[in-house]
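The values are calculated or read from the model by the stated rules, or taken from the named source; none is laboratory data. Note that the coordinates shown come from a computational prediction; the quantities given were computed from them, not determined experimentally. Here Cβ is always computed from backbone atoms with ideal geometry, including for glycine, and neighbour counts include all displayed protein chains.
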Amino acid sequence: MDKILIIEDEKDLVMGLKFNLEARSYIVVEAYDGEDGCRKAIKEKPDLILLDIMLPKKNGYEVCRELKEKVPEIPIIMLTAKSQEEDIVAGLDLGADDYITKPFGVLELIARIKAALRRSDRSKNIPEIIIINNLEINFKKYTAKKNNKQITLSTREFEILKYFVEKHDEIITREDLLNQVWGYDSYPNTRTVDAHIANLRQKIEDSSNEPKIIITIYGLGYKLLGL
């Protein structure tokens, strides 16, 4: 059974989530402040973390940053009452795998959890290290090098690369990426994918205008070359 760590200071919300998750055969561990959440994440090694932003002792952003450095393989879904785009982007930039704003429906949260766990399970079949041209990606340590120099990729960018590696012999549509990497079937628009691919190319390609690793198949999507 999958183990889920809930880091949230609203006890009534935690109890409600615990009831609904245990009813679906998940093991639930609770933490009510950021410091305890970090300790339990490292000790318990959960399969997924539900993380609130507004926490005592250490806020969710700090917790996310610390855990993505120490246990980057554990997916994190941010729980937040903040719906402003900049707050959401801040969490994703720190490595959060997904987010959901309060109030949320239990069924939507369960769908997000299942999607994140599927992505996590799928990544276990990916080689720990891949080398494409002058690019080296370590999916276990979440590190990347280009021309033997460290480069910084976001968690989302690692997940995009993982999916390309898994489907390296296929053309990947924008809808595939939205469904499989973002983890749910509806997202504002496919320009989100294009923006992430453009940012990723800036980091991994010698020339983002003439990509050699992630190429565009016009009218269809993208394809990974070099494996």
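Step by step: first the residues of the stretch 1-20, then only those that are buried (at least 19 other Cβ atoms within 10 Å of the Cβ) and touching a residue at least 60 places away in the same chain (Cβ under 8 Å), then the one that is nearest to the chain's Cα centre (by Cα). Which residue is that?
Looking at residues that are buried (at least 19 other Cβ atoms within 10 Å of the Cβ) and touching a residue at least 60 places away in the same chain (Cβ under 8 Å), I get Ile4.
Could you tell me which of the residues Leu51, Leu67, Leu55, Leu79 is touching a Cys at 6+ places or on another chain (Cβ under 8 Å), outside any helix (DSSP H, G or I), at pLDDT 85 or above and not assigned by TED's automatic domain parsing to the domain that holds Ser207?
Only one candidate passes the filter, namely Leu51.
Can you tell me which residue in the stretch 89-108 is surrounded by the fewest Cβ atoms within 10 Å (Cβ to Cβ), limited to those that are in a loop (DSSP other than H, G, I, E, B) and small (Gly, Ala, Ser)?
So, considering only residues that are in a loop (DSSP other than H, G, I, E, B) and small (Gly, Ala, Ser), the one surrounded by the fewest Cβ atoms within 10 Å (Cβ to Cβ) is Gly105.
Scanning for something surrounded by 13 or more Cβ atoms within 10 Å (Cβ to Cβ), farther than 16 Å from Leu153 by Cα and at pLDDT below 85, does the stretch 203-213 turn up at least one residue?
Looking for residues that are surrounded by 13 or more Cβ atoms within 10 Å (Cβ to Cβ), farther than 16 Å from Leu153 by Cα and at pLDDT below 85, one finds none in the stretch 203-213, hence no.
Check Arg24 against each of (1) touching a helix residue (DSSP H, G or I) at 6+ places or on another chain (Cβ under 9 Å); (2) within 23 Å of Gly95 (Cβ to Cβ) and name the one condition it does not meet.
Exception for Arg24: condition (2).
Suppose we keep only residues that are within 20 Å of Cys64 (Cα to Cα) and among the hydrophobic types (A, V, I, L, M, F, W, C) within the stretch 21-36. Which one would you say is surrounded by the most Cβ atoms within 10 Å (Cβ to Cβ)?
Of everything passing the filter in the stretch 21-36, Ala31 is surrounded by the most Cβ atoms within 10 Å (Cβ to Cβ).
Being closer than 20 Å to Ile77 by Cβ and among the polar types (S, T, N, Q) narrows it down to one of Asn179, Asn199, Asn147, so name that one.
It is Asn179.
Could you look through the stretch 1-30, keep only residues that are over 20 Å from Pro103 (Cβ atoms) and in a loop (DSSP other than H, G, I, E, B), and pick out the one that is modelled with the lowest pLDDT?
By that ranking, first place goes to Met1.
Which of the following residues is among the aromatic types (Phe, Trp, Tyr) and at pLDDT below 80: Tyr187, Tyr163?
Tyr187
Take Lys145 and tell me if it is under 23 Å from Asp93 (Cα atoms), in contact with a strand residue (DSSP E or B) (Cβ under 8 Å, 6 or more places away or on another chain) and free of Cβ contacts under 8 Å to residues at least 24 places away in the same chain.
When the stated conditions are applied, Lys145 passes them.
Could you check, for the stretch 184-199, whether at least one of its residues is of a type in the set (Gly, Ala, Ser) and within 19 Å of Leu51 (Cβ to Cβ)?
So far as the stretch 184-199 goes, no, none of its residues is of a type in the set (Gly, Ala, Ser) and within 19 Å of Leu51 (Cβ to Cβ).
For the stretch 193-227, give me each residue that is in a loop (DSSP other than H, G, I, E, B), in contact (Cβ under 8 Å) with a residue 24 or more places away in the chain and touching an Asp or Glu at 6+ places or on another chain (Cβ under 9 Å).
Residues satisfying the conditions are Lys212, Ile213, Leu227.
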